[in-house]
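Below is one structure, written out as C-alpha cells; comments come after it.
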Amino acid sequence: MLLERHEVEAFLTLAEELHFGRTAERLGITTGRVSQTVKKLERMIGAPLFERTSRQVHLTAIGRQLADDLTPLVAGMNGAVRRAIDAGRGITGDLRVGFLSGIAGQLLLKAVALFAKRHPDCEVHINETQGHDTVTRLRAGDIDVLITDILIAAQPEVVAGPVLLSEPRLLAVASEHPLADRRAVSMEDLADHPVILVPADMPEAFRVDRNPTVMPSGAPVPRGPRAASFTETLTLVAAGRGVFPVGDSVARLYPRADIAYLPFTDAPPIQWGPMWLKTNTTHRVREFVQAAHDACHLDQ
C-alpha cells in the first residue's frame, strides 16, 4: 500500500513537533484529522508509531525508524520538484530568506537589495529567526536561505556558503569589572571569570564556541548563569554576573554605559555567512548567495 502525501506530511510533522496541536496548526487542519491520519498509518503498519499520554507524545522505536527513513526521501523529492520548477521558470516566484542577529540583518539587506535589482520578478520574503530554530525552519521549508553565525547552522544536511563577514572577537564585561580598564584580554583570562552560558537549546557547535570549558593551558573556565536570550546575556554581564565573548559589531549595535567591550589578542574571529539545505540548492538560492557575496565584497 502506498502512502499519500498528506499522510507522510502529517506523520513527519508530528514526529518533529511531538504535539498534536502544533502539528495541526502547522498543517492547517484539525487535531482530530492529525489523530485519524496517525491511527490509519498505525493500522497499516501494524504497530504503534507514537506513545501518547495526557501530557506528552513520544516516537516509538518503529516510529523513529520510519521518520529517519522517510525524511531524506521526502526532502529529495521536494528538492527535485523545486529544481525542475526553477529550470522551467527561471528566477521568479518566491524566495524566503532569514537572518539571526542585528549584523546578519544588515548583511541580509545588502544581499536583498542587489538580488532584487538583478531578479525583479522574484519576490523576497524576509524573516527573523532565533538561534534554537534556525535549522528547524530550514528543514520545514519556512526559510530557503539564512544568514547567520556559521556555527549556528553547523549540521550535516546544511550547506555553508561564502563568508560574508569575519569580525574580531571582543569580551563583554561590566563597566565596573576588574578587567574593564584593560586595553585587551586573552582567552586565558576566561579561566579567571565566570562566562555567561548560552541557552541550552542552541546548536552544540555554537555552545562549545561561546562557552568553552577549558582554556588551551588546560585551566577550567568557571560557569556563570544561563541566559535565555542575547538581551538577557548583556543584562547579566552588566550586572556583574559574568563575562561573554561577542563579535565586534555588538559594540556598535549594542552600546551600553554599563558594559565595556575589550578586544581579544588571541581569539579567532566570528564569521557570518549564508546557509541552506543541500536538498534545497535551487537556482534561486544560488543566485541569492551570489548576490550576498557580491554585495558584501564587491563595489557596486
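A compact table of results
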item	result
Pro263 being within 25 Å of the chain's Cα centre (by Cα), assigned to a strand (DSSP E or B) and not assigned by TED's automatic domain parsing to the domain that holds Leu138	no
Cross-chain or 6+ apart pairs with Cβ under 6 Å, region 19-39 first and assigned by TED's automatic domain parsing to the domain that holds Val57, then part of a helix (DSSP H, G or I) and among the charged types (D, E, K, R)	Thr23/Glu17; Thr37/Glu7
Some residue of region 26-33 being out of contact with any strand residue (DSSP E or B) (no Cβ under 8 Å at 6 or more places or on another chain), part of a helix (DSSP H, G or I), crowded, with 17+ Cβ neighbours inside 10 Å and of a type in the set (Ser, Thr, Tyr)	no
Cross-chain or 6+ apart pairs with Cβ under 6 Å, region 272-289 first and farther than 15 Å from Ala104 by Cα and in contact (Cβ under 8 Å) with a residue 60 or more places away in the chain, then of a type in the set (Lys, Arg) and surrounded by fewer than 22 Cβ atoms within 10 Å (Cβ to Cβ)	Thr282/Arg82; Thr282/Arg83
Selection from region 61-80 of residues that are among the small types (Gly, Ala, Ser) and farther than 12 Å from Val8 by Cβ	Ala61, Gly63, Gly76, Gly79, Ala80
Qualifying position, being of a type in the set (A, V, I, L, M), outside any helix (DSSP H, G or I) and more than 30 Å from Met77 (Cα to Cα), among Val208, Val173, Val124, Val163	Val173
In region 266-300, the residues that are in a helix (DSSP H, G or I) and acidic (Asp, Glu)	Glu287, Asp294
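The values are calculated or read from the model by the stated rules, or taken from the named source; none is laboratory data. Bear in mind the structure is a predicted one, so any value in this text is a computation, not a measurement. Every residue, glycine as well, gets a Cβ built from its backbone with ideal geometry; the counts of neighbours run over all protein chains shown.
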